[in-house]
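Novice: Can you keep this structure in mind? I'll have questions shortly.
Taken together, the values in this text are just the output of simple stated rules run on the coordinates, not laboratory data. Small disclaimer: the values here were computed from a predicted structure and weren't measured. For neighbour counting, all protein chains shown are included, and Cβ atoms are generated from backbone atoms with ideal geometry for every residue, glycine included.
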Amino acid sequence: MRERGMEIVGGVISRGGSRDGSPGGPTPSQAHRGGPLIVTEDVELLDDLLRLCAAAGARPEVHHGGTERGEGWDAAPLVLVGDDAAHRVRGARRRRGVVLVGRDQDDSGVWRRAVEIGADHVLVLPDGEQWLVDRIADVAEGVGRPALTVGVIGGRGGAGASTLACALAVTAARTGRRTMLVDADPLGGGLDVLLGGETAEGLRWPAFAASRGRVSGEALEESLPELHALRVLSWDRGEAVAVAPEAVRAVVSAARRRGGVVVVDLPRRVDETVAEALEQLDLCLLLVPPELRAVAGARRVASAAGLVLRDLRVVVPAGGRPQGLGGLEAEEVAGLLGLPLAGEVPWEAELVAAQTAGVPPGGAARGPLARFCAAFWDRVPVDAPGGGV
């Protein structure tokens, strides 16, 4: 159902919104931390909107009708206008981030009233409650550009994907970027161990296993261990805990809303839980040793992950590993897999000794691994999610 460029999505009628149905939002000059402005004289509707604001952790400003002019209307990051009050705000200054809220989805007049007040969206309660909670939470958190989210997955076991993921995160953090490292492999032993922080205070995955709906990005960041200037979500050493796909979706979404960089270390299998992480990646690196058996295994990994990923690229360990390599060139590996080559990861002979001394992968700024990671981030700017390598 459409009218004048509007569409209804999951109980929310949108005009000029983003691809996922989220609101266009206020302009940068309007954006700030804080709750929405509510304009209504409907007591029951006000109670519902206050309840939803509380669920989103926001404190709103309430105006009981009247033509809105001045600082409150212009500065609020989001304006929720009750359908009962639409006629009262017709003369208000036009702005983005206005939502007309009603209860009767069959009321055709809602289209006309939305156009008259310049609303971006028409929301019908109770169907649109979760959508509205998410939007209110967005403005309360001061959400800006989402984090550039990069995954790393091994083409075969022991390829060094976890080491590369840690090095990418450590290198990003060293440049001052807000960085979070997410360990999505419950059988990997824990990235906090690889970073020398297994005893660091903070929450691990079991604390988020039952998460549903929305997780606060700020609360997530503050709850995690901070190691080497980055936040790490890893596994503990307790009994195995199943993390629901909904929990992975909520947690990775929260991490992305904080901006900066998110690096995700992924297992080689792709199930419903892993797919939730893959769907939120801007780019995924498939680390494949240059040997035929590794390429054969990587082909199966790429086939499964490629069903979900938007951008999958190959990185190949360079020569120098003690066990020897299979003799293939990096370009041959990428060609056999039919994927673009993102680079060759140099072998760092001192890596194990450095970790024993408390230096994480990528911690030696002048080391070959750190230089590779720094060059990678230079080619994929943090302010350009989805950018090419």
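Novice: What list of ³J(HN,Hα) values in whole Hz, one per residue of region 363-380 in order, does the Karplus curve 6.51 cos²θ - 1.76 cosθ + 1.60 (θ = phi - 60°) give from phi, with Gly and Pro shown as x?
Specialist: x, 7, 4, 9, x, x, 5, 5, 5, 4, 5, 4, 5, 4, 5, 5, 7, 10
Novice: Long-range amide H contacts for Gly362: which residues qualify at under 5 Å (H placed 1.01 Å from N, peptide plane, sequence gap of 5 or more or a different chain)?
Specialist: Ala370
Novice: Here's something else I'd like to know. Return the sequence-ordered ³J(HN,Hα) values of region 222-229 in whole Hz as given by the Karplus equation 6.51 cos²θ - 1.76 cosθ + 1.60 applied to θ = phi - 60°, using x for Gly and Pro.
Specialist: Those phi angles translate into 6, 8, 8, x, 10, 10, 6, 6 Hz.
Novice: Report the percentage of all Cα-Cα pairs in region 148-379 whose separation exceeds 22 Å, rounded to a whole percent.
Specialist: Beyond 22 Å sits 48 percent of the P(r) for region 148-379.
Novice: Net charge around Arg268, counting only other residues with Cβ within less than 10 Å of its Cβ (Lys, Arg = +1; Asp, Glu = -1)?
Specialist: Here the count lands on +2.
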